[in-house]
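Report on the structure given below.
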Amino acid sequence: MTATLDFDALRPPSPHFTDAHHAWRASLRRFVDREIAPHAQTWDEAGAVPRDLFLKAGAFGLLGAGFPEAYGGWSEGYDRFFSLVTSEELARVGAGGVSAALMVHTIGLPPLLALGSEALKAEIAPPVLRGEIQISLAVTEPSGGSDVANIETRADAAPGGYSVNGAKIFITGGMTSRFAVAAVRTGGPGLSGVSLLLLDLEAPGVSRTPLAKQGWWASDTAALHFDNVFVPQERLIGQENGGFAGLMANFNNERLGLAAGAAASARVCLEEAIAWAQLRRTFGKRLADHQVIRHKIVAMLQRINAANAYLEHCAYRVQGGETPVADLCLLKVQATETLEFCAREASQILGGASYLRGSRVERIYREVRVNAIGGGSEEIMRDLAARQLRL
Ligand SMILES: Cc1cc2nc3c(=O)[nH]c(=O)nc-3n(C[C@H](O)[C@H](O)[C@H](O)COP(=O)(O)OP(=O)(O)OC[C@H]3O[C@@H](n4cnc5c(N)ncnc54)[C@H](O)[C@@H]3O)c2cc1C
């Protein structure tokens, strides 16, 4: 008799989850199992999610989770652990591209809600949370993504607003989103010359080019080019030259979410590896009875447990009002290295089957690098953590 070692059983027990979190998990899982999981592979191969998925996710309350009621979200009683549940349940599908497409507003909307005018928030946030339109975040440029303080896209004063010239690259949802919160240079060099503008991606002068990728196929990624794009003054988000702080706050949240998704994706890999190791027989016994394979499995579990404990530690501190920048950086590295290790080991255990398209492990394997690079690469995360330590 073998134990059931599935996605849930492999999650270390946590003191942080209440009945409300469990209820959200159960409800979201039903939605994901009904509306996403059966189609994940088809959508990945098709390179897009259907538009009505956004409307369904809006009506269900997934898009509005954690956003203010005033704009159609729900946030009463909401805490960081709800967002961990959301990341985990979406990761359970093993289709990061679907999540990246569907949840792109979680990086696009927060700077607008944190710094934008009331009129702008009231205009943009409700249709985004209903799933009628999408909003992306456009920071990275062809000249580089890590050195955010030195972005080159310029927004020069024009009658009634700004004229934007430049380019962005690797923008999630860039082909399909109606708007993007874009980091632009309005002042001198460095971080104190950066502003945030709400760009209408259908405005004259915007051109978009789709980028083919290693993974995340269901999510479109674009190169954007701006040629004298007019942006009205009212679409400045926050103070002119004061955009950098908004970006940094966003990155901290994004890193917590990325870490939660990476740790849960690693757990998917472990679940699949165990199921296969208990079934597959080689040399007269189950794979799970070979010591080398058993060690691979517990080595995966060891790292997943460590990543989860660190994740919850960081979430607890953020929930308490702290901004533990160094730990959020190191957490992201910890979680994505765990994912990298587990994707590799699960793939080894599944053998040739893992190389065929259509399994969760195969898709996750192709998503390892975007997790390790996007939202702050390992090197940049370690560097930022070291600077925070004031060594
Ligand atoms: C699928 C996908 C989706 C994305 N979505 C978005 C999005 O929606 N919006 C957005 O703005 N961006 C997005 N990005 C961009 C992502 O955030 C950047 O790729 C990332 O920040 C790294 O930037 P870069 O690729 O330009 O690498 P670079 O900054 O050119 O760096 C290249 C390599 O050098 C290393 N490096 C750089 N500087 C140093 C240093 N000082 N010391 C040591 N090593 C260093 C980096 O770690 C990296 O490994 C996305 C990327 C991908 C792949």
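The values are calculated or read from the model by the stated rules, or taken from the named source; none is laboratory data. Computed from a prediction, not measured in an experiment: that's the story for all the values here. Cβ coordinates were reconstructed from backbone atoms using ideal geometry, including for glycine residues, and neighbour counts include every protein chain displayed. The accessibility values were calculated without ligands, DNA or RNA, using every heavy atom of the protein model including side chains. Shrake-Rupley method; radii C 1.70, N 1.55, O 1.52, S 1.80 Å.
Exactly one residue out of Lys121, Lys168 is of a type in the set (Lys, Arg), part of a helix (DSSP H, G or I) and either in contact (Cβ under 8 Å) with a residue 40 or more places away in the chain or away from the ligand (no atom under 11 Å from the Cβ) (or both): that is Lys121. Within the stretch 32-50, the only residue that satisfies the criterion of being in contact with a helix residue (DSSP H, G or I) (Cβ under 8 Å, 6 or more places away or on another chain), assigned to a helix (DSSP H, G or I) and surrounded by fewer than 18 Cβ atoms within 10 Å (Cβ to Cβ) is Glu35. Taken together, Pro110, Pro127 contain a single residue that is away from the ligand (no atom under 11 Å from the Cβ), open to solvent by 10 Å² or more (accessible area, probe 1.4 Å), in a helix (DSSP H, G or I) and touching a residue at least 40 places away in the same chain (Cβ under 8 Å), which is Pro110. Only one of the numbered conditions (1) more than 18 Å from Ser265 (Cβ to Cβ); (2) of a type in the set (A, V, I, L, M, F, W, C); (3) open to solvent by less than 30 Å² (accessible area, probe 1.4 Å) is not met by Phe7, and that is (1).
Residue by residue, here is whether (1) among the polar types (S, T, N, Q); (2) open to solvent by less than 20 Å² (accessible area, probe 1.4 Å); (3) at pLDDT 95 or above holds:
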| residue | (1), (2), (3) |
| --- | --- |
| Gly238 | no, no, yes |
| Ala249 | no, no, no |
| Asn253 | yes, no, no |
| Thr282 | yes, no, yes |
| Val292 | no, no, yes |
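From the list Ser207, Ser163, Ser195, the one residue that fits, being within 16 Å of the ligand (Cβ to nearest atom) and touching a strand residue (DSSP E or B) at 6+ places or on another chain (Cβ under 7 Å), is Ser195. Checked against (1) away from the ligand (no atom under 12 Å from the Cβ); (2) outside any strand (DSSP E or B); (3) buried (at least 24 other Cβ atoms within 10 Å of the Cβ), Ser177 passes all but condition (1). Please enumerate the residues belonging to the stretch 296-326 that are in contact with a Lys or Arg (Cβ under 7 Å, 6 or more places away or on another chain) and more than 18 Å from Ser87 (Cα to Cα). If the condition is that a residue be in contact with a Lys or Arg (Cβ under 7 Å, 6 or more places away or on another chain) and more than 18 Å from Ser87 (Cα to Cα), then Pro324 is the only one that fits. Note on the stretch 284-391: enclosed helices (runs of 4 or more DSSP H) holding 1 or more residues that are within 16 Å of the ligand (Cβ to nearest atom) and of a type outside the set (Asp, Glu) are 325-350, 360-365, 368-373, 378-388.
Criterion applied to Ala266, Ala262, Ala245 was being without any contact (Cβ under 8 Å) to a residue 60 or more places away in the chain and among the small types (Gly, Ala, Ser), and the one residue passing it is Ala245. When Lys213 is tested against (1) within 21 Å of Gly376 (Cα to Cα); (2) assigned to a strand (DSSP E or B), just one condition goes unmet, and that condition is (2). Screening Leu84 on (1) open to solvent by 10 Å² or more (accessible area, probe 1.4 Å); (2) in contact with an Asp or Glu (Cβ under 9 Å, 6 or more places away or on another chain) shows it passes everything except condition (1).
If the condition is being open to solvent by less than 20 Å² (accessible area, probe 1.4 Å) and farther than 26 Å from Glu312 by Cβ, then the stretch 335-349 contributes only Ile349.
Would you confirm whether or not the stretch 135-143 contains a residue that is more than 7 Å from the ligand (Cβ to nearest atom), farther than 16 Å from Asp200 by Cα and without any contact (Cβ under 8 Å) to a residue 24 or more places away in the chain? Checked against the condition, which is being more than 7 Å from the ligand (Cβ to nearest atom), farther than 16 Å from Asp200 by Cα and without any contact (Cβ under 8 Å) to a residue 24 or more places away in the chain, the stretch 135-143 yields at least one hit. For the subset of the stretch 288-325 comprising residues that are under 24 Å from the mean Cα position of the chain (by Cα) and of a type in the set (Asp, Glu), which member is farthest from Thr2 (Cα to Cα)? Top of the filtered list is Glu322.
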